[in-house]
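The values are calculated or read from the model by the stated rules, or taken from the named source; none is laboratory data. As the structure is a prediction and not an experimental result, all values here were calculated from the model. We place every Cβ from the backbone using ideal geometry, glycine too, and count neighbours over all the protein chains shown.
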Amino acid sequence: MITRKRLAVGACGLLAALAVGLFPASATAADGPTAKEPPKVDLVLDVSGSMRANDIDGQSRMAAAKQAFNEVIDAVPAEVRLGIRTLGATYPGEDRALGCKDTKQLYPVGPLDRTEAKTAVATLAPTGWTPIGPALLGAAQDLEGGNATKRIVLITDGEDTCAPLDPCEVARDIAAKGIHLVIDTLGLVPDAKTRAQLTCIAEATGGTYTSVQHKAELSSRVRQLVDRAADPVVNPMATEGAKQCEGAPQLKAGLYSDRETFGEHRWYRVDVLPGQELRASVSIGADRAVNNDYGVLLRATTAHGREIVRGSEAGDGRTDVLSTGLRYPKAEIDDVDSDDKPVPETVCLQVSNSFSAPASVKTTPGMPVELTIDLVDGPDEASDVAAFGLGRGWWLLAVLALAGLLAGLVWGWISRWRISVWRTN
Amino acid sequence: MRRVGTLTASLLAAAAALTVAGTAVGTAVADTPSPSATASPGGAKAAESAPTEAGTSFRTAAAFRPGQKATAGASSGDYLYWVLPIDAQQRATVKAAVTLPEAKARHGASTWQLDVYDGLRRRQACTYGTQTAAAAKDAATVELSCTLRTVRAGADQWANDPLPGSYYVRLTVVDLPEEDLGLPVRAAVEAEVKETGGIQAVDGTLSTPLVAGTVTATLREPEDGWSGGWWSDRWVWTAAGGVLAALAGVFGYSLTRGSGRPSRA
């Protein structure tokens, strides 16, 4: 009876162990997307004089844009807060100073009244200049507030002629505010200069650039971008790494964003308890024109500066980000009184990069850094090369069979010898 | 003597049969494709269907499972991201096909690249496959593929070995004429996994797979959950070896016994 009970307990234990083995706790399973705030999208439309050109499927650029807007307004997902801003819509004159301020909010970012929005779009007529920089600043203001995902969709047919305010730098400054804002750009039948400017804006904010030649492309792409804003995404928390480990920000498990200029080092600190595993990964975005070869290094060191482990990556050519990561399982402490509170170890994380840029490229603000920190239970350390020290293969079978045979023979001879000894006595 | 002989012979035969059966079980386990690979698209739930959009960063990567075909419309120059779960002892091959813009809109050849990163965003090596391919000016499609190393259940902290968890796929054009940026392309990505069995069954396991907190979709883990990495056909091999050794022992013992009576009375 007792044996049976014991057996049952053993079986239960085994089952539990199996269950644990089969379904490891999914602690890494994030805490889900950050509290659901409606995503905001601002469509920024160029209404400059050049939009009159009749070169999109035989229609004027303006007509194509209007039709696309109507289709997009019809198809906006319910949770998206949509706004519309125009540039070059009101001032038809020749005064540059005035023309370069000409941007206004056509429809405020908020719950969408489809009829109202469409009526507003219908009133537009190609008029003035192309002040992209001020329009982006205005759009960023329209989207201000909240922690939601924000997206600007810029549709234009010409480059910004309102120097010295470079729209690309404006875009990078907006992105550097850490407000989760992405700018997607669409060029209507773009020329080389427009393309360069729009790709620069997109690159600076992690957005995309599309060149539109046909009407259908325009509406489907804008719709895709608006839908993308509605996708659930985990937004990072802004942090600012220090120059050395001392005084560096203390990070918990989560997703963080920061900025780092060329050749700069940023330090962060993480507390790791014995028996925990630290997982960290870092991505540095190449948000501007950088030289062809680059690298990133993530190092975990002790508080005294001894390196524990590092992750590094290098690359060349066209890229959006360069990433690397590391794991640091801190060993369990065995000989400690159970009532002692375990003392966490402070691990310093250093993020450095070897990006460089031509002299003409501005180095501030720094490149976007995305840092993920995860703390999970430590792994079962390997005590053997093979799983559980088990063997495999024909050699194993042959060795075992041979050993068995020899053991059998020896055992047989011993017992024979013993019998004959017994008989003789 | 004869009886023992027959017994031993039959035992040996049984052992051999068992061994064969053992390996058969082993290979059967090894050959079984991951259940997700056989999941019929019709039977899949709506939430589990393959994505028709791609993400544009690690954070927004679209999740799919091996066996599914993820598609996306994009502009050339976009960085497209997908994420899929790969479990221990699986060897994954990621394939991508890009349908290029119509040839008359393009100005020259382009080069496309497929990169795979693990759950810690570390780049993973492709053991074979065309990871980077050039498309001629008049080509209609580009095909890329990347076969990863076999995923191991555990590795020491200094190693870059592939571990069970999320794997990010990044597809992008790395070289093209400036004028061709932003043209519409279509991309399709699929992955197949092959169970390699116990050959790569290593000791030590992660407590949790390397799934980044940003991957929140339901497709972030294999259909039947993570294996936990304890099973491998090494158990079968070792057990079969034990049985064989026991039988060989009996056989060896019987050889020394003769007919059961000492010959010298």
| In the range A:139-168, which residue that is in a helix (DSSP H, G or I) and under 19 Å from A:Val226 (Cα atoms) is nearest to the chain's Cα centre (by Cα)? | A:Ala140
| query | Regarding A:Val421, is this residue among the β-branched types (Val, Ile, Thr) and farther than 30 Å from B:Gln200 by Cβ? | reply | yes
| query | Within the group A:Ala196, A:Ala175, which residue is part of a helix (DSSP H, G or I), of a type outside the set (Asp, Glu) and within 24 Å of the chain's Cα centre (by Cα)? | reply | A:Ala175
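Each row is one residue, and each column tells you yes or no for (1) within 8 Å of chain B (Cβ to nearest Cβ); (2) buried (at least 23 other Cβ atoms within 10 Å of the Cβ).
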{"site": "A:Thr205", "(1), (2)": "no, yes"}
{"site": "A:Ser219", "(1), (2)": "no, no"}
{"site": "A:Ala229", "(1), (2)": "no, yes"}
{"site": "A:Pro232", "(1), (2)": "yes, no"}
| task | Return a yes/no flag: does the range B:240-261 have any residue that is facing chain A (nearest Cβ under 7 Å), among the aromatic types (Phe, Trp, Tyr) and touching a strand residue (DSSP E or B) at 6+ places or on another chain (Cβ under 9 Å). | result | no
| field | Filter result for B:Gly77 (within 17 Å of B:Arg220 (Cα to Cα) and either away from chain A (no Cβ under 13 Å) or modelled with pLDDT of 90 or more (or both)) | value | no
| Taking the range B:115-136 as the search range and keeping residues that are of a type in the set (A, V, I, L, M) and surrounded by fewer than 17 Cβ atoms within 10 Å (Cβ to Cβ), which one is nearest to A:Val369 (Cα to Cα)? | B:Ala125
| remark: Matching residues in the range A:138-168 (closer than 18 Å to A:Leu82 by Cβ and either out of contact with any Leu (no Cβ under 6 Å at 6 or more places or on another chain) or free of Cβ contacts under 8 Å to residues at least 24 places away in the same chain (or both)) number 14
| Any residue at all in the range A:113-126 that is crowded, with 18+ Cβ neighbours inside 10 Å, among the polar types (S, T, N, Q) and part of a loop (DSSP other than H, G, I, E, B)? | no
| request: Output the qualifying pairs, or none if there are none: Cβ atoms under 9 angstrom, residues six or more apart or on different chains, first residue in the range A:359-372 and closer than 16 Å to A:Asn291 by Cα and modelled with pLDDT of 90 or more, second residue among the aliphatic types (A, V, I, L, M) and assigned to a strand (DSSP E or B). | output: A:Met367/A:Ile284
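A:Thr185 - would you say it is within 29 Å of B:Thr214 (Cα to Cα), within 8 Å of chain B (Cβ to nearest Cβ), modelled with pLDDT of 90 or more and surrounded by 17 or more Cβ atoms within 10 Å (Cβ to Cβ)?
Taking the combined requirement at face value, the residue does not satisfy it.
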| said: Exactly one of these conditions fails for B:Trp112: (1) within 20 Å of the chain's Cα centre (by Cα); (2) surrounded by 24 or more Cβ atoms within 10 Å (Cβ to Cβ). Give me its number. | reply: (1)
| Looking only at the range A:193-203, which residues are more than 27 Å from A:Ala148 (Cβ to Cβ) and facing another protein chain (nearest Cβ under 7 Å)? | A:Arg195
| request: Restrict the check to the range B:207-230 and report whether at least one residue is hydrophobic (A, V, I, L, M, F, W, C) and within 19 Å of A:Arg392 (Cα to Cα). | output: yes
| Sole residue being surrounded by fewer than 18 Cβ atoms within 10 Å (Cβ to Cβ) and either at pLDDT below 90 or at the interface with chain A (Cβ under 9 Å from one of its Cβ atoms) (or both), chosen from B:Glu192, B:Glu178, B:Glu221, B:Glu143 | B:Glu178
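How many residues, within the range A:213-230, are within 19 Å of A:Thr149 (Cα to Cα) and not aliphatic (A, V, I, L, M)?
Residues that pass the stated criteria total 5.
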| remark: Among residues of the range A:312-332 being assigned to a strand (DSSP E or B) and hydroxyl-bearing (Ser, Thr, Tyr), the residue nearest to the other protein chains (Cβ to nearest Cβ) is A:Ser323
| note | Pairing a residue in the range A:292-308 that is in the same structural domain as A:Ser356 (by TED's automatic domain parsing) and acidic (Asp, Glu) with any residue that is surrounded by fewer than 17 Cβ atoms within 10 Å (Cβ to Cβ) and assigned to a strand (DSSP E or B), where Cβ atoms lie under 6 Å and the two sit 6 or more apart in sequence or on different chains, gives A:Asp293/A:Asp316
| Taking helices (runs of 4 or more DSSP H) that fall entirely within the range A:1-103, which contain at least 3 residues that are at pLDDT 85 or above and surrounded by 13 or more Cβ atoms within 10 Å (Cβ to Cβ)? | A:61-75
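If only one of A:Ala175, A:Ala135 is crowded, with 22+ Cβ neighbours inside 10 Å, touching a residue at least 60 places away in the same chain (Cβ under 8 Å) and farther than 23 Å from A:Ala89 by Cβ, which one is it?
A:Ala175
Being surrounded by 13 or more Cβ atoms within 10 Å (Cβ to Cβ) and closer than 23 Å to B:Asp78 by Cβ is the filter here, so list the residues in the range A:292-323 that pass it.
A:Tyr294, A:Val296, A:Glu313, A:Gly315, A:Arg318, A:Thr319, A:Asp320, A:Val321, A:Leu322, A:Ser323
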| Is it the case that the range A:266-275 has a residue that's within 20 Å of A:Val347 (Cβ to Cβ), assigned to a loop (DSSP other than H, G, I, E, B), in contact (Cβ under 8 Å) with a residue 12 or more places away in the chain and at the interface with another protein chain (Cβ under 10 Å from one of its Cβ atoms)? | yes
| message | Whether any residue in the range A:376-393 is modelled with pLDDT of 90 or more and in a strand (DSSP E or B) is what I want to check. | response | yes
| task | Kindly indicate whether B:Val185 is within 11 Å of another protein chain (Cβ to nearest Cβ) and not in a loop (DSSP other than H, G, I, E, B). | result | yes
| Has the range B:197-208 got at least one residue that is modelled with pLDDT under 90 and in a strand (DSSP E or B)? | yes
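This table checks each residue for (1) out of contact with any helix residue (DSSP H, G or I) (no Cβ under 9 Å at 6 or more places or on another chain); (2) touching a residue at least 12 places away in the same chain (Cβ under 8 Å); (3) outside the structural domain of A:Glu370 (by TED's automatic domain parsing).
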| residue | (1), (2), (3) |
| --- | --- |
| A:Val212 | no, yes, yes |
| A:Lys215 | no, yes, yes |
| A:Ser220 | no, no, yes |
| A:Gln224 | yes, no, yes |
| A:Gly241 | yes, yes, no |
| A:Glu246 | yes, no, no |
| A:Pro249 | yes, yes, no |
